[in-house]
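*Asks:* Pasting a structure below so you can have a look.
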Amino acid sequence: MKKTIRVDYLSRVEGEGGVTIEIRDGAVSKLNMKVFEAPRFFEAFLRGRPYPDIIDFTARICGICPVAYQMSSVHAIERIFGVGIERPIRDLRRLLYCGEWIQSHALHVYFLQGPDFYDVESAWADKRYLPVAMRGLNLKKIGNQIITIIGGRAIHPISVRVGGFYRTPGRRDLTSLLPDLERAYVESLKGIKWASSLPFNGETLPDIEYVSLRHPEEYPMNEGRVVSNRGLDMEMDGFSECLQEYQVGYSTALHSGIKRDSSISPYIVGPISRLNLNHEKLPAEIRGVIKESGIMLPIKNTEMGIIARSVEIAYALYEAIRIIKDYEMPDRAFTDFEPKGGVATWITEAPRGMLIHTYELDDRGYVKGCNIIPPTSQNLGHIEKDLLNFIENNIGKPSYLLKKGSERIIRSYDPCISCSVHLLM
Amino acid sequence: MKRPRIGIFKFTSCDGCQLSILNLEEEILDLIEVFDIAYFREASDRPLKAPFFIALVEGSITTDRQRREIVEVREMARYLITIGACATSGGIQALRNWASLTAYKNYIYPSPDAISALATSTPVSEHVYVDYELWGCPINREALLETLVSFLIGKRPTIPGYSLCMECKHRSIPCILVSTAEPCLGPITRAGCGAICISFGRPCYGCFGPKEDANIESLLRHFEALGLNQKDCLLLLDKMNSYAYRKAHIEQGRR
């Protein structure tokens, strides 16, 4: 007997993807998470472009997380040129990233994944959900405001450049946000409690490998070493070497895994990984709320990504308040430098996880080659593993429940399919 | 009264212009009062069901499948409005229009033959009739609201077609092209962003595409006089609206 579960076009995710699962005689015979987002060939047309274009161009890979693309690329270029940035610039970049984490996570928690737990088709479909949606809107708005002040606009901001920023905001531009940020922070703590009280599917994966950056002093964003719960601990450059990207026939996104002996093992990046590997870096108040809410770390159920995201919204707000309170407008918006040739890899923590950029530049700073590995293409292999686990544990259940459950699992990764089209971007 | 139905459709793009709809944080609830957001895959499970009063289309046409789908979208909608640089001018991915698709595929994919894509990325208007085009990478939220409201009440949206330079003048921002001699696309670019880049001290890089009757040749000659070589001048045009600038440049030569 054969049963096929098909989702042709996933809803409430960014980009275009679907899934096909075939069950034959009580066992899964085929499971494909497919991405049919059309390729955009970013890495190809970046070749021959001058280095400032990299920052503006790669932002266009994703309208939800353009800051992440700007952060990974600007740091990679600075590494090649040997440019150091000053403390206030470093802080401002972190603040800009906080803005993006807040808006991107709020979008996913309250508009994309949240409706799953209330069985509503969208965030505005049902009055019951409205108070939840309103909290999401307010959080998203404050995230966008941070990006707009530093970056000029919320989507595809324009201020990031090699050595710093084109212009830095005045102290008062930022402090005017403080009252709203404080209120949003209080709301975000309620958000953690709300998220941890949602009805989860109860599936846990026994052997997840979580991978994220780790920094000795802070929750990771722009800097750190690559670590995992299975002993990985290396410099950024090393990680891209132990990665294997591979193409599957049913998808325009390349998958990737960690090379181990003769096999390629799937791993997971993103909020769950970051939280599991870095929770001790969170401020005591947020750790307290995690404990009160009964959240067990490490998180092993990927549907609970919504909890990790909610925790990170609170953290990003906390961090934004801290940075703004300490902020003094720097004398210079950027440091001077001379372009030079070379190769470098840089990884930053995009809202969805590690975003890996590698560039080779010539002596004038023009692109000779590049490779971009977005978080979602790193997660694709793991999504399939997660789906397989879910289907095998529930194989006797009716198809519509399996279909719904599968959609929920995929959505809980916050896949950004327009990104994952990595190369197909 | 039944609310007019809006459908939001995505082709090849970054999703940023759709996100602008969700970024109407304060107005989104009002928007839902007057419109029925009947199809919005990125934010809702509601299945596709025609007809629509307005189809908002994001993204350019880059595959065979999309070439068929855009015709279907046109048939379902009373008005079709494109949102953003991709749908309106082919987007950044239209840079492939001046290169070899095979070379691009070979550079990126281990098995290039498995990738199916058209050799070009083209604006929606090259495939079906478009009622209104919103420029920008990304679009401006206020312009989006103005457009939706205008179609609702049956008036022409008041969105200017003049150049970005007007916005600098309105905001009393000193001209970067004159004061620092940096190559700014402002004189040939549509207003719409509020002159964000120039207010941050960097030249315009053309998110909003060519303004009406842009004198591209004259600006390029000015850039050359500033010391840029011809190739670098073209690189300035070849960004998110490459296809539109190049077309406007060629048409200008014909006038």
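The values are calculated or read from the model by the stated rules, or taken from the named source; none is laboratory data. Quick caveat: nothing in here was measured; it's all calculated off a predicted structure. Here the Cβ is made from the backbone with ideal geometry for all residues, glycine too, and neighbour counts use every protein chain on show. Accessible surface is based on the protein model in full, side chains and every heavy atom, while ligands, DNA and RNA are left aside. Shrake-Rupley method; radii C 1.70, N 1.55, O 1.52, S 1.80 Å.
*Asks:* Which whole number of Å³ per residue matches the convex hull of the alpha-carbon atoms in region B:113-200? Write out the running numbers ahead of the final one.
*Replies:* Values: hull volume 15.2 nm³, N = 88.
Dividing the Cα hull volume of region B:113-200 by its residues yields 173 Å³.
*Asks:* Taking loop as defined by DSSP and a crowding limit of 14 other beta carbons within 10 Å, which trypsin sites (Lys or Arg not before Pro) in region A:145-245 fit?
*Replies:* Details: sites: A:Arg153, A:Arg161, A:Arg167, A:Arg171, A:Arg172, A:Arg183, A:Lys190, A:Lys193, A:Arg214, A:Arg225, A:Arg230; in loops: A:Arg153, A:Arg167, A:Arg230.
Sparse-neighbourhood loop trypsin sites (Lys or Arg not before Pro): A:Arg230.
*Asks:* Suppose R0 equals 22 Å; then what is the FRET efficiency for A:Lys3 and B:Asp45 from their Cβ-Cβ distance, rounded to the nearest 0.05? Intermediate values should be presented prior to the final figure.
*Replies:* Numbers: r = 22 Å, r/R0 = 1.01.
The computed FRET efficiency comes out at 0.50.
*Asks:* Taking the simple approach of a point 7 Å from Cα along Cα-to-Cβ for both B:Met1 and A:His215, what is their distance in nm?
*Replies:* 5.3
*Asks:* Just in region B:92-130: which chymotrypsin sites (Phe, Trp or Tyr not before Pro) are loop by DSSP and have at most 11 other Cβ atoms within 10 Å? Each step should come with its number before you reach the end.
*Replies:* Details: sites: B:Trp98, B:Tyr104, B:Tyr107, B:Tyr129; in loops: B:Tyr129.
Sites meeting the loop and neighbour criteria: B:Tyr129.
*Asks:* Cα to Cα, under 21 Å, and not fewer than 8 places away if on the same chain: which lysines meet these conditions relative to A:Lys30?
*Replies:* A:Lys2, A:Lys3, A:Lys385, A:Lys397, A:Lys403, A:Lys404
*Asks:* Here's a follow-up. 7 Å from Cα along Cα→Cβ at both B:Arg67 and B:Ala114: what's the point-to-point distance in nm?
*Replies:* 2.4
*Asks:* Can you tell me how much longer the chain between A:Tyr246 and A:Lys340 gets when fully stretched, taken as 0.36 nm per residue apart minus their C-alpha distance, in nm with one decimal? Don't skip to the answer; put the middle values down first.
*Replies:* On the way: separation 94, 0.36 × 94 = 33.84 nm, distance 3.19 nm.
Value of the extension gain: 30.6 nm.
*Asks:* Mind giving me the FRET efficiency for A:Arg183 and B:Glu75? R0 is 35 Å, r the Cβ-Cβ distance, nearest 0.05 is fine.
*Replies:* Working: r = 48 Å, r/R0 = 1.36.
With R0 = 35 Å, the Cβ-Cβ based efficiency is 0.15.
*Asks:* I'd like the FRET efficiency for B:Met166 and B:Leu234, computed as 1/(1 + (r/R0)^6) with the beta carbon distance as r and R0 of 30 Å, rounded to 0.05. It would help to have the intermediate numbers written out before the result.
*Replies:* Working: r = 26 Å, r/R0 = 0.86.
That pair, B:Met166 with B:Leu234, gives E of 0.70.
*Asks:* May I ask you to list the lysines whose Cα is less than 23 Å away from that of B:Lys105, ignoring any residue fewer than eight positions away on the same chain?
*Replies:* By straight Cα distance, B:Lys105 reaches A:Lys34, A:Lys368, B:Lys10, B:Lys239.
*Asks:* Can you give the accessible area per residue of the protein assembly as shown, in Å², using a 1.4 Å probe?
*Replies:* Result: 36 Å² per residue.
*Asks:* Under the rule of -39500 (n - 2.57) per DSSP H run of 4 or more residues, summed and divided by the residues of chain A, what mean residue ellipticity at 222 nm is obtained, to the nearest 500 deg cm²/dmol? Intermediate results must be reported in sequence, preceding the final value.
*Replies:* Working: 14 runs with 179 residues, N = 425.
That comes out to -13500 deg cm²/dmol.
*Asks:* Dividing the alpha-carbon Rg of region A:26-97 by 2.2 N^0.38 Å yields what?
*Replies:* Details: Rg = 17.5 Å, N = 72, 2.2 N^0.38 = 11.2 Å.
Against the compact-globule rule of thumb, the ratio is 1.57.
*Asks:* Right, something else. What's the Cα-based Rg to Rh of region B:7-89, Rh via Kirkwood?
*Replies:* On the way: Rg = 12.5 Å, Rh = 13.2 Å.
Taking Rh as the inverse mean 1/r over Cα pairs, Rg/Rh reads 0.95.
*Asks:* Name the residue from A:Tyr246, A:His215, A:Ile307 whose Cα lies farthest towards the positive end of the charge dipole of chain A, charges +1 on Cβ of Lys and Arg and -1 on Cβ of Asp and Glu.
*Replies:* Looking along the dipole axis, the top candidate is A:Ile307.
*Asks:* For the protein assembly as shown, which semi-axes, largest first and in whole Å, follow from the square roots of 5 times the eigenvalues of its Cα gyration tensor? The partial results should precede the final answer.
*Replies:* Details: eigenvalues 257, 173, 138 Å².
Square roots of five times the eigenvalues give 36, 29, 26 Å.
*Asks:* Let me understand region A:144-281 better: what is its radius of gyration from the alpha carbons, and its Dmax, in angstrom?
*Replies:* So, for region A:144-281, Rg and Dmax equal 19.6, 57 Å respectively.
*Asks:* Using square roots of five times the C-alpha gyration tensor eigenvalues, list the equivalent-ellipsoid semi-axes of region A:72-129 in whole Å, biggest first. Don't skip to the answer; put the middle values down first.
*Replies:* Values: eigenvalues 312, 26, 7 Å².
In descending order the semi-axes read 40, 11, 6 Å.
*Asks:* Ok, one more. How much of the calculated P(r) for chain B lies past 31 Å, in percent of all Cα pairs? Mind showing how you got there, number by number?
*Replies:* Working: 9622 of 32385 pairs.
Everything past 31 Å amounts to 30 percent.
*Asks:* Could I have the simple spin-label model distance between A:Leu205 and B:Ile250, label points 7 Å from Cα toward Cβ, reported in nm to one decimal?
*Replies:* Here the modelled spin labels are 4.8 nm apart.
*Asks:* Let me ask you something else. From Cα coordinates alone, what are the radius of gyration and Dmax values for region A:39-380 in angstrom?
*Replies:* Using the Cα atoms of region A:39-380, the pair Rg, Dmax is 19.7, 60 Å.
*Asks:* At a probe of 1.4 Å, how much accessible area disappears from chains A and B on forming the pair, both sides counted, to the nearest 100 Å²? Numbers along the way, then the final one.
*Replies:* Numbers: alone 16570 and 13500 Å², together 24520 Å².
The A and B chains share an interface burying roughly 5600 Å².
*Asks:* If you don't mind, there's one more thing I want to ask. For chain A, what is the relative contact order in percent, using Cα pairs closer than 8 Å and at least 6 residues apart in sequence?
*Replies:* Values: 853 pairs, mean separation 112.5, N = 425.
About 26 percent, as a whole number.
*Asks:* Within the protein assembly as shown, what percent of beta bridges assigned by DSSP are antiparallel, to the nearest 5? Intermediate values should be presented prior to the final figure.
*Replies:* Working: 51 of 71 bridges.
Antiparallel bridges: around 70 percent, rounded to the nearest 5.
*Asks:* Sticking with this one: Near A:Lys127, which aspartates and glutamates are there with a Cα under 16 Å away, not counting those fewer than 8 places off in the same chain?
*Replies:* A:Asp116, A:Asp119, B:Asp30, B:Glu33, B:Asp36
*Asks:* Same structure again: Relative contact order for chain B: what percent, with Cα pairs under 8 Å and sequence separation of 6 or more?
*Replies:* Details: 448 pairs, mean separation 45.2, N = 255.
Relative CO of chain B lands at 18 percent.
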